[in-house]
Each structure stands twice: as structure tokens, then as C-alpha cells.
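J.: To start, I am sharing the structure in question, which I have written as C-alpha cells.
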Amino acid sequence: MSRKPRQRAARERRRSRNAYPKERTSTPQPGPLPSPAISLKDVTRTYGHGDAAVHALNGVSIDFGPGTWTAVMGPSGSGKSTLLHCAAGLERVDSGRVLVDGTDITHASDADLTALRRGRIGFVFQSYNLLGSLTAEENVALPLKLARAPWTPADVRRALDEVGLSGRTGHRPRQLSGGQQQRVAIARAIVTRPSVLFADEPTGALDSTSAAGVLDLLRDLADRGQTIVMVTHDPAAAAHADATVFLRDGAFTGRADGADARAIADRLLTLEASPCGA
């Protein structure tokens, strides 16, 4: 299936989740809204001091709903990666609050943050960060060993099967293509069944065919309830997500739900062309 039909199919799935039936036999009672998987409240992050200070995040407030895939976009230096790092507890915020599954991690100890990242947060980066001396199965097992939680080899094989690599468990990274290595990295990220999967430019080092395969995999994970927050510079990648949020100069500037690649690209171009501070 070409990329455009895949994107149209993804948009139809998003619409179907949000659509109401035309006829109802009774008036539904509103239930409580689910708590955000990740919530940033008036978060500020500054690097440096005085005249050399860089305000990477400037009072950002944003929620990422459970079971949704959100792309984060903005010009270079807009604060995308800083937002991801603060949301994941990799960096401390200067002010504001960060909550994961309703738990405030703003002032959590380093030990608690480490435990959080090992058990409830998964990471996928542009570089695969696989250990070359280990097989795919051994690489995927690493987070389970670090977390010191009960697990079996079947847990690892299940994660590799989910990313379509059940036949590559014994292969080392050098024996895998770039797309396959990124799939191993995704399997490693989801093997602990994290609450949130953070992806920082996950297709940045891939050719278009491999990138499309990885994006289809992320779409499938999101459709099965995995919360994903993805930083990307590629409008075509962002179009696979449920929503795209935009940053400029460390501030949240808007959101587009179910937009296609052209609409996202136009929004980004407008953002890049606007005067600084506008």
C-alpha cells in the first residue's frame, strides 16, 4: 500500500474513534475524562545565565492523552527535544510541574526517576543504540534485566513478534537493515509494557521504505492503545499521528488533529516565517 492510502486509512481510523452514531435510542451519560498519560503544566527550562540564557521552554502547558499518538513539531531550536526530555524525566524543569499517569515527578529523586524510566517509559531514538555484540533477542531483554522484574524469554519473543521480527531473534545488528534495527529498538522500548513511548526522530536515519514500515508499526501500536509522543521534522511522519502540536521559541503555538502532510507542512512553514516572538 502506498503512503497516501496508508495516511488516508489512518485518518479514517481516527475519525471513526471520534465519530458519534447518527441515531441513538437513549441519551448517554457523560463519564469522567481519562487522566492524561503525560501532563506538563507551565513548564520552564532555561540553559545558561544572564545574557547567554536560552529559554528552551517558556511556560509550556500541554497534555498527552492515553492511547494517543502525538507528533511534536517546530523550527530548529523551538524546544521539541527539551520538551520530550523534561516529559520523560531525563531533565529537570526550572519551574512548573510534570505528571506521568497522574504522578507528579517534578521533584522525584534520581532513584525514583530511574525506576520510572525503566518500568513505565520507553524510548526510541534516531540512532538505534543497539549493542553490536548482542543478538536482537538479547538487546530486547536488556530493559527487563535492568528493571529486575519477573520476566521470561517468551516476553522478549512476544515483543519481537509484535514488530515483525520473530524470524530475526538470533541476528546481530550488523546482520539487520536500518529499518530492522529500528524495529528491534522499538521492541526493546515496548517489552516492559510502558505507559508512554517517547520517540525522537525515529525515522530520521531511514530510507523512505524503511521509514514507512516503522511509521506503520507505530500506528499499529497506537491503535492498540500505546501512548506515543514523537518528535519529528517530517510532516509526512507527523501525518501518521492522531494529532500534531507545534512549538516556537519554547512556547506551545497550536495543535492540528488528523491533519494530512500538506496541511502540517503549510502550518510549519507559516510558523517558521512568522517573526520571532510573534
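The values are calculated or read from the model by the stated rules, or taken from the named source; none is laboratory data. It should be emphasised that the depicted structure is a prediction, and the values quoted were computed from it without experimental measurement. Cβ: placed from backbone, ideal geometry, glycine included. Neighbour counts: every protein chain shown.
J.: Any residue that is within 17 Å of the chain's Cα centre (by Cα), surrounded by 20 or more Cβ atoms within 10 Å (Cβ to Cβ) and assigned to a helix (DSSP H, G or I) - is there at least one of those in segment 96-116? Outline the logic, then answer.
T.: Step one: of segment 96-116, the residues within 17 Å of the chain's Cα centre (by Cα) are 98-101, 116.
Checking which are surrounded by 20 or more Cβ atoms within 10 Å (Cβ to Cβ) leaves us with 98, 100.
If we keep only those that are assigned to a helix (DSSP H, G or I) too, we end up with none.
Within segment 96-116, not a single residue is within 17 Å of the chain's Cα centre (by Cα), surrounded by 20 or more Cβ atoms within 10 Å (Cβ to Cβ) and assigned to a helix (DSSP H, G or I).
J.: For Ala88, all conditions in the list (1) farther than 20 Å from Glu201 by Cα; (2) at pLDDT below 95; (3) among the hydrophobic types (A, V, I, L, M, F, W, C) hold save one; what is the number of the exception?
T.: Unmet condition: (1).
Yes/no per residue for (1) at pLDDT below 95; (2) surrounded by fewer than 17 Cβ atoms within 10 Å (Cβ to Cβ); (3) more than 30 Å from Ala136 (Cα to Cα):
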| site | (1), (2), (3) |
| --- | --- |
| Val214 | yes, no, no |
| Pro235 | no, no, yes |
| Thr244 | no, no, yes |
| Gly258 | yes, no, yes |
| Ile264 | no, no, yes |
| Arg267 | yes, no, yes |
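J.: So, in segment 204-256, of the ones that are among the β-branched types (Val, Ile, Thr), in contact with a helix residue (DSSP H, G or I) (Cβ under 6 Å, 6 or more places away or on another chain) and touching a residue at least 40 places away in the same chain (Cβ under 8 Å), which residue ends up farthest from Trp69 (Cα to Cα)? Give the derivation first.
T.: Our first condition is that a residue be among the β-branched types (Val, Ile, Thr); within segment 204-256, this holds for 209, 214, 227-229, 231-232, 244-245, 253.
Still in the running and in contact with a helix residue (DSSP H, G or I) (Cβ under 6 Å, 6 or more places away or on another chain): 214, 228, 231-232, 244.
Next cut, touching a residue at least 40 places away in the same chain (Cβ under 8 Å) only: 228, 231-232, 244.
Values: Ile228: 5, Val231: 11, Thr232: 12, Thr244: 9 Å.
The selected residue is Thr232.
Residues checked against (1) buried (at least 16 other Cβ atoms within 10 Å of the Cβ); (2) within 20 Å of Glu201 (Cα to Cα); (3) β-branched (Val, Ile, Thr); (4) more than 15 Å from the chain's Cα centre (by Cα):
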{"position": "Pro75", "(1), (2), (3), (4)": "yes, yes, no, yes"}
{"position": "Arg118", "(1), (2), (3), (4)": "yes, no, no, yes"}
{"position": "Gly122", "(1), (2), (3), (4)": "yes, yes, no, no"}
{"position": "Gly132", "(1), (2), (3), (4)": "no, no, no, yes"}
{"position": "Ala154", "(1), (2), (3), (4)": "no, no, no, yes"}
{"position": "Val163", "(1), (2), (3), (4)": "yes, yes, yes, yes"}
